[in-house]
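Trainee: Let me give you the structure first, and then I'll get to my questions.
Each value in this text was obtained by applying a stated rule to the coordinates, not by laboratory testing. Note that the structure is predicted; figures quoted are calculated from it, not measured. Virtual Cβ from ideal backbone geometry, glycine too; neighbours counted across all protein chains shown.
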Amino acid sequence: MSYTHHTNASAAPLKQVHNTLLITLLCLLAILTCVEAASAQSALDGFNPNMDGVVRAVVVQADGNVLAGGSFTHVGMSTRNRLARLTISGALDASFNPNLDGDVYTLAVQPDGAILVGGDFGHVGAVVRSRLARLHRNGALDSGFAPAANGIVHALAVQGDGKVLVAGAFTQISGQMRLYLARLHSDGSVDASFAPALNGAVYAVLVQRDGAIVIGGAFTQVDGQTRNHIARLDASGNLDAAFNPDADNVVRALGLQFGGKIVIGGDFTQMGGQPRTHLARVSATGAVDSAPAVAIDAPVHALLVQADGAFVAGGAFTQVAGQPHHRLVRFSHDGALDAAFAPDLADAVLTLAEQPDNNLLIGGAFTQAGGETRRYLARLYPGGALDANFDPVVDAGGAEVNIKALAIQPDGRILVGGAFTSIDGQPRRRLARLLPDGSLDPTFTAGADQDIWAIAVQPDGKIIVAGGFTEINGQARQNIARLDQNGAIDPTFMATADQFVLTLALQPDGKLLLGGDFSQVNGQVRKGLTRLHPDGSLDSTFQADTSGRILTLALQPDGKILVGGEFSRLDANNQVHDNLMRLHPDGAIDATYTANADNAVLALAIQADGRAVIGGYFMSVNGVARHYVARLLADGALDLNFNPNVESQSGFVYSIAIQADGQIILAGRFTVIGGQIRNRIARFTNDGVLDPTYNPNVNPGAILGVVYATALQKDGKLVISGGFTEINGASRASLARLSASEAALHTLQGDANGIFVTWRQAGSAPALARTTFEYSLDGTTYAPLGAGVRITGGWQSPRAALPLNQEFFVRTRGVYPGGGFDASISEIAATARTYIPGGAIELLTSATPAQATPTWSATISQGAETIIYTGALSANATTGSQPIGAGVYTITLSANAGTNASDYAITYACTVDGQPGPDGVGAAFQVAVNPLGVTQCTFTTARRIGLLDVVHKLEPDATTSVWDLRVDGPIAATAVLTGNASTGAQPVFTGAYTLSLAQRANALYTTSYTCTVNNQPLVSGQGVAAAVSIAEAQTVVCTFISRDFYVYPPYRMLLPFLRR
């Protein structure tokens, strides 16, 4: 009966099924549409590309876009056969569509941006490509690269010299026998010099820093030698006889860790005869490491060593060390299990990649992640939380939740403060912390009895909260308090204010600036603005009587303080400062800064170039019309080229966020700005041009609505809060997060010169107000390098002698303002492994002749940067061997005071690693320092020489008349001239000389002189002293004639005149 009933169902049930299917399809369409629409500042900010098949390979391009390859044929509703490119938000890149007819197993990006693809395909588009191809950046096929493999390509790696390693299940490449491993030239031709012979497939390949190649797979022999599933080859392809970890089953994944350690994943249960189930680590020599040594219940398919040295393993497992870890697990850099990292994947993880913002991309066979639908590709925050839509439910019992305080911690957790009483149905009194996915952080349970207006994250992780409260966590705290990281009150910080504290600013020295409505702090008169020591006590050196409401503060790099609010103050020159002023570090008004606004200034943000963007209630600045937003030059003058022009009535600007690329995000009440509809939030270029691509559209069409606060995350997403219910069609009440339309790029590394660490930022990353740098030789203990210095595109550490020829860690932290009134302080951090190849350089000076005693300084520079400055070097000296990063340097020898470089003929001669290097004439040249090499350069400074001959004649001849000659100049000399005499042409240093004669006897003579240079007249005159200059290769002859006064009296010359 049942069978008959189903086969003869009436039209009604059929219609019901039809309706159900229609609803399902519509729902799916809505989901897919939302996924694809989430590309531009959507409140549906979760990463959810929605593939329809397994993802086997993921790589991140230099611009932050994501390449994904596998067996899928669709991304969302768009056809993409096996290879796709996604923007940072997860949206499909419509311009990239290579169209492969078979599965992609591996991807690699060359330094020039070209994309290598390996797998089991036969065509790219309509062009034959047998399992290997290369694409241009735009996805077009590279017609000049056409190697062909006769089996699946499982792995690709690009060597430092541009050659490409290809590994897989093939036995031929382009018709040439290559057993499972080959190397290609950059044009795709097979490298004939590289032909190791293996007896089984290679699934993983890794290139070490020294060029050695580690391979893992199903093989058991390499070049006839036993190598069970893992081996190492030198750069020429020869087997490393000393490296033999010996796995008892297939190796599927490899990762290179700090110190050259190698992490290994696969099907094995033993490594080197020791129990290691599916995961092991070996030293650089191949010895099995003691950690990790945990039991994993299924194979590991993917490994990723993260920037901070930790490593992530993905696979088919569900338990690690007897604890649930579903397909993904993380270990610290020393191999300890990270129990707090516990993402939940519903099926195998096959590939892993880390973004520049340290978020983690995972691909595989799963369709769920973290309890949410994620089809084959997902993204996690660094702590393991799923990159999901941010949608906490904030409630204030019917009243406005009034979130004005937003701050981002370095771990990505989000601090919120306002007037709310619960989040996601859990009691939270006006203060809460959210995990990066938007869920409530159960470890943080602080609460206040009244509103929180500002939050500041300290470098030590402690949290300062300010507002209008009288109690925190049940303890009396009046308007200002400090909390430990878990939300408990810090009893070492004791400060009170008699009225609201509305804004905070943390100084680099740990002191804290407070602004607000108060008139007393710690029982002493402090009107609206004061500064505290780190323990909360008043800083008596800071005296700033503002007598008004201080709403926003911004610290300049020079220690001066921009202050905005509702006030009117006179400076020492009786000049009025309305609603905006600048203070010296001691609190005195800076009279040179003359900016004024006609109404309250609510937000301040300082750009990298020192200009300040201001927002508020005002309608004019410095007497010029500027509606609610303006920009000031460094001296307070109005930037006439910047005028976003808010056209809405009461379109107040409450928050300003600046991206690393210089773009400016404004938030407030406005609905029209720059002549365009922009509901409550807009973005402008650094030039003040409205960004047409940026339109989050908060409360569109509604009369009411406001965005009070913004906070940029490290990944470029923007957390916003205010009074709203909708963002671009998505329901969001009072708190939301917007997806990033461009990647937040971070690059942290030691510079090649060996003296700086550089943190470069670009795209949607937050612009930082200041930074600090540290380094570590072991990844555990860090030594400070100091406060960062702003450079173009980022920050640079102070000069330091960084370790050379060894890996080390660098870490940096950056502070930036956010929240409502830009009154809160956020912090991000970055860690990276770095390696600086280096050598040594020695400079020597050698002077000739021995009497020459010049002093010099030498500089070794790259570009405009001086790497080494020697100070004083004597005539014959050495700098000693100086460590320096490998590279090409300019060497310059400069004369110190008392030495004239033009007096010396300077030559140089270098040896580089014992071989002849640059040589020539001059005081500046370029020379290379090679890794582990020694460069030695000698400056030979030969004193330039001329000839000086002094002749003395007596009239009449007097053979017994004795005269002393004194020569003063670069060389000092004396001589005795008797009768008619000459010194002869004597070599002397070039330069200016004074020649003087003195008679020993008490006879009376009149003396004149005539000097020639190379037989040409030089100088002549009367007297016993002559001044001459001698240049190189010149012969100067000075003839002194001394006449007996009585024989040749001077009046004889007058006699003819007397006869008249």
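Trainee: For the stretch 744-835, take the alpha-carbon Rg, divide it by the Kirkwood Rh, and send me Rg/Rh.
Mentor: 1.00
Trainee: Of the peptides 101-111, 316-326, how do they stack up when ordered by the mean number of other Cβ atoms within 10 Å, highest first?
Mentor: 101-111, 316-326
Trainee: Using only C-alpha atoms and all pairs of different ones, pull out the Kirkwood radius for the stretch 838-943 in Å with one decimal.
Mentor: About 13.7 Å for the stretch 838-943.
Trainee: May I pose another question? To two decimal places, what compactness ratio does the stretch 632-708 give when its Cα radius of gyration is scaled by 2.2 N^0.38 Å?
Mentor: 1.08
Trainee: Another one. Search the structure for amide H atoms under 5 Å from the amide H of LEU602, placed 1.01 Å from N in the peptide plane, and list their residues when 5 or more places away or on another chain.
Mentor: Correct list: GLY615, GLY616, TYR617.
Trainee: By what distance, in whole Å, do the Cα atoms of the chain stretch along each of the three principal axes, largest value first?
Mentor: 164, 88, 53
Trainee: Turning to a different aspect of this structure: For the stretch 943-971 and the stretch 236-291, compute the distance between their C-alpha centroids and round to whole Å.
Mentor: Each part's Cα centre sits 86 Å from the other's.
Trainee: Something else about it: Using a Debye calculation, one point per C-alpha and no hydration shell, please list log10 I(q)/I(0) for the stretch 945-1051 at q = 0.10, 0.14 Å⁻¹ in order.
Mentor: Each listed q corresponds, in turn, to -0.26, -0.51.
Trainee: How big is the shadow of the Cα convex hull of the stretch 423-499, averaged over all directions, in nm²?
Mentor: Result: a mean projected hull area of 5.1 nm².
Trainee: Let me ask another. For the stretch 904-971, what value does the Rg/Rh ratio take when both radii are computed over Cα atoms and Rh is the Kirkwood radius, given to two decimals?
Mentor: On the Cα set of the stretch 904-971, Rg over Rh gives 1.44.
Trainee: While we're looking at this one, here's another question. Calculate, in nm to one decimal, what SER846 and VAL128 gain on full extension: separation in residues at 0.36 nm each, minus their alpha carbon distance.
Mentor: Roughly 251.8 nm would be gained on extension.
Trainee: Highest first, please rank the peptides 338-346, 999-1007 by the mean number of other Cβ atoms sitting within 10 Å of their residues.
Mentor: Sorting 338-346, 999-1007 by mean packing, highest first, produces 338-346, 999-1007.
Trainee: So, one more: Place a +1 charge on the Cβ of each Lys and Arg in the chain and a -1 charge on the Cβ of each Asp and Glu, then give the dipole magnitude about the Cα centre in debye, rounded to the nearest 20.
Mentor: With Lys and Arg at +1 and Asp and Glu at -1, about 1020 debye.
Trainee: Which entries of LYS560/LYS714; LYS404/LYS717; LYS511/LYS717; LYS163/LYS714 show an alpha-carbon separation above 23 angstrom in the structure shown?
Mentor: LYS560/LYS714; LYS511/LYS717; LYS163/LYS714
Trainee: For the stretch 70-83, in order, what is each residue's ³J(HN,Hα) by Karplus, 6.51 cos²θ - 1.76 cosθ + 1.60 with θ = phi - 60°, in whole Hz (x at glycine and Pro)?
Mentor: So the J values, rounded to whole Hz, are x, 10, 5, 10, 9, 10, x, 9, 9, 6, 8, 7, 6, 8.
Trainee: With charges only on Cβ, +1 for K and R and -1 for D and E, what is the dipole size of the stretch 688-791 about its Cα centre, in debye, rounded to 20?
Mentor: Result for the stretch 688-791 is approximately 180 debye, rounded to the nearest 20.
Trainee: Would you kindly derive the ³J(HN,Hα) couplings of the stretch 593-598 from the backbone phi angles with the Karplus curve 6.51 cos²θ - 1.76 cosθ + 1.60 (θ = phi - 60°), listing them in order in whole Hz, with x for Gly and Pro?
Mentor: In residue order, the calculated couplings are 9, 10, 5, 9, 10, 7 Hz.
Trainee: Starting from the amide H of ALA608, placed 1.01 Å from N in the peptide plane, find each other amide H under 5 Å away whose residue is 5 or more places distant or on another chain.
Mentor: For ALA608, no residues qualify.
Trainee: Rank PRO491, ASN244, PHE469 by how far each Cα sits towards the positive end of the charge dipole of the chain (+1 on Lys, Arg Cβ; -1 on Asp, Glu Cβ) and give me just the farthest.
Mentor: PHE469
Trainee: Now, a different point. Given the Cα atoms of the stretch 574-665, and with Rh set as the inverse mean 1/r over their pairs in the Kirkwood sense, what is Rg to Rh to two decimals?
Mentor: Checking Rg against Rh, the ratio lands at 0.95.
Trainee: Would you grab the residues whose amide H sits under 5 Å from the one on ASP191? Only those 5+ places off in sequence or on another chain, please, with H modelled 1.01 Å from N.
Mentor: Amide H to amide H, under 5 Å and 5 or more residues apart or across chains, ASP191 pairs with ARG183, LEU184, HIS185.
Trainee: Along the charge dipole of the chain, pointing to its positive end and built from +1/-1 on Cβ of Lys, Arg, Asp and Glu, which listed residue (GLY984, PHE47, ASN150) has its Cα farthest out?
Mentor: Positive-most Cα among the choices belongs to GLY984.
Trainee: Further question: What share of the DSSP beta bridges in the chain is antiparallel, in percent to the nearest 5?
Mentor: Of all bridge pairs located within the chain, approximately 95 percent are antiparallel.
Trainee: Please give the charge dipole size of the stretch 945-1051, origin at the Cα centre, charges +1 on K and R Cβ atoms and -1 on D and E Cβ atoms. Round to the nearest 20 debye.
Mentor: That gives the stretch 945-1051 a dipole magnitude of about 100 debye.
Trainee: State, in angstrom, two size descriptors of the stretch 814-873 derived from its alpha carbons: Rg to one decimal place and Dmax to the nearest whole number.
Mentor: Here Rg and the maximum Cα pair distance are 23.5, 73 Å.
Trainee: Give the angle, between 0 and 90 degrees and rounded to the nearest 10, that separates the Cα long axis of helix 11-37 from the longest principal axis of the Cα atoms of the chain.
Mentor: 10 degrees
Trainee: Per-residue HN-Hα couplings for the stretch 796-811, Karplus 6.51 cos²θ - 1.76 cosθ + 1.60 at θ = phi - 60°, whole Hz, x for Gly and Pro?
Mentor: For the stretch 796-811, the Karplus curve yields 9, 6, x, 4, 7, 7, 7, x, 10, 6, 8, 6, 8, 9, 10, 9 Hz.
Trainee: Report the one residue of THR226, SER290, TYR381 whose Cα lies farthest in the direction of the positive end of the charge dipole of the chain (charges on C-beta: Lys and Arg +1, Asp and Glu -1; origin at the Cα centre).
Mentor: Most positive-ward Cα: TYR381.
Trainee: Let me ask another. Which order, highest average first, do 542-552, 200-210 follow once you tally other Cβ atoms within 10 Å for each residue and take the mean per peptide?
Mentor: Ranking the peptides 542-552, 200-210 by packing returns 542-552, 200-210.
Trainee: Per residue, how big is the convex hull of the stretch 394-738 when only Cα atoms are used? Give it in Å³.
Mentor: 124 Å³
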